[in-house]
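Everything below concerns the one structure shown next.
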Amino acid sequence: MADKLLLNNNEYEIIDTIEKMTVPDCFVVRANKIGSANGEAKFYIGSRQNSSILDFFGGQGFNVKCFIKKTDLLNYMNDVEEEYNTPEQNYAQKQNFPILWTERLAKIQELQDYEYFNLIDQVQIAGNRFYVSSEKINMHTFRYIGYQILREISLPKITYLAAIKLKDKHDNLIFYLRLFVDYFGEVEKKTVIEEQLKNIEDSNSSEEEKLQLTRARIGQGKYRQELLELCPFCPITMVTDDRLLIASHIKPWAKSNAQEKVDPYNGFMFTPNIDLLFDRGFITFTNDKHMKISPWLSKMTCSRLNIVPDKKYDMLPTEGRENYLEYHRNEIFKA
């Protein structure tokens, strides 16, 4: 991961990252709930016996300054638009979700580029259950509106909250929070993939074209074979056993046109761990073969994966892939 982050014209030192805190049902507004409890607008993190998150925020009784970015919220709404339009979970106001998506998107567009609020350890709650909340002054104070918007747009179970601990040039700490969507371990909804494959089958393409497009969707067929001919190994791990290699699209299949879907230059052969990092946008590459690592990966995870920011991989075949890589850096990479 990077050591510095430039935000709102200010440079911050990255201290550490919490990669995933699943959004619980008790946190979201009533319309989004899939359980029967009303909840108290508090975010349940886990057991207090797991001290790592508590220590991350400063220890028991913490009250810390946080912020969210408008662009991140807009990206999240784009990622969950399909779930809002065709909900798979049994939300309390499931029938109103298409309208709610439009209303909430409009509300986000009225926000400041950066919305600030505080996050407070709920020490008054007895027992080992670890909750956080924010100080509700009124609906218009800068200390609460960011927290409230997270509650309004988050969908439980398929959403997680990540946090980066930052330090400014005056050694003041601040926490950058961001919502991400995870469809039970997948970036895309299963129904979306099924619809894409059905659209191929229903198209006017020839049977051979349909077959190649379908196989390319899962990294198989002619697409995989041509990609293997161009690069018969993973340029990061140098594994050559093709049973362990995945044909990974650079510009995602769903975002590509018909030619790009089957273009072997729109891909790399990666081992599964590198493929997953690249596919999820946790790593990307410059045109001169250097790896960039998302700040939303913790230092511990990077160490365990043995990935190093800005390391050059001389065997990475970037030639002919420059435009695809530019798309990946701008649209997929979690910067």
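The values are calculated or read from the model by the stated rules, or taken from the named source; none is laboratory data. Owing to the predicted nature of the structure, the values given are computational and were not obtained by experimental measurement. We place every Cβ from the backbone using ideal geometry, glycine too, and count neighbours over all the protein chains shown.
Quick notes
- When ARG329 is tested against (1) basic (Lys, Arg); (2) within 27 Å of ILE14 (Cβ to Cβ); (3) free of Cβ contacts under 8 Å to residues at least 24 places away in the same chain, only condition (3) is not met.
- Which listed residue is loosely packed, with under 13 Cβ neighbours inside 10 Å, over 18 Å from LEU166 (Cβ atoms), within 22 Å of the chain's Cα centre (by Cα) and not β-branched (Val, Ile, Thr), from GLN109, GLN95, GLN60: GLN109
- Number of the condition not met by ALA254 [criteria: (1) surrounded by fewer than 14 Cβ atoms within 10 Å (Cβ to Cβ); (2) farther than 25 Å from THR71 by Cα; (3) at pLDDT below 95; (4) not hydroxyl-bearing (Ser, Thr, Tyr)]: (2)
- Looking across the stretch 112-127, just one residue is over 15 Å from ARG151 (Cβ atoms), charged (D, E, K, R) and surrounded by 15 or more Cβ atoms within 10 Å (Cβ to Cβ), and that is ASP121.
- Elements of type strands (runs of 3 or more DSSP E) in the stretch 239-335, at least 3 residues being over 19 Å from LYS222 (Cα atoms): 283-285, 291-293
- Residue within the stretch 303-317 that is in contact with a helix residue (DSSP H, G or I) (Cβ under 8 Å, 6 or more places away or on another chain), aliphatic (A, V, I, L, M) and crowded, with 19+ Cβ neighbours inside 10 Å present: yes
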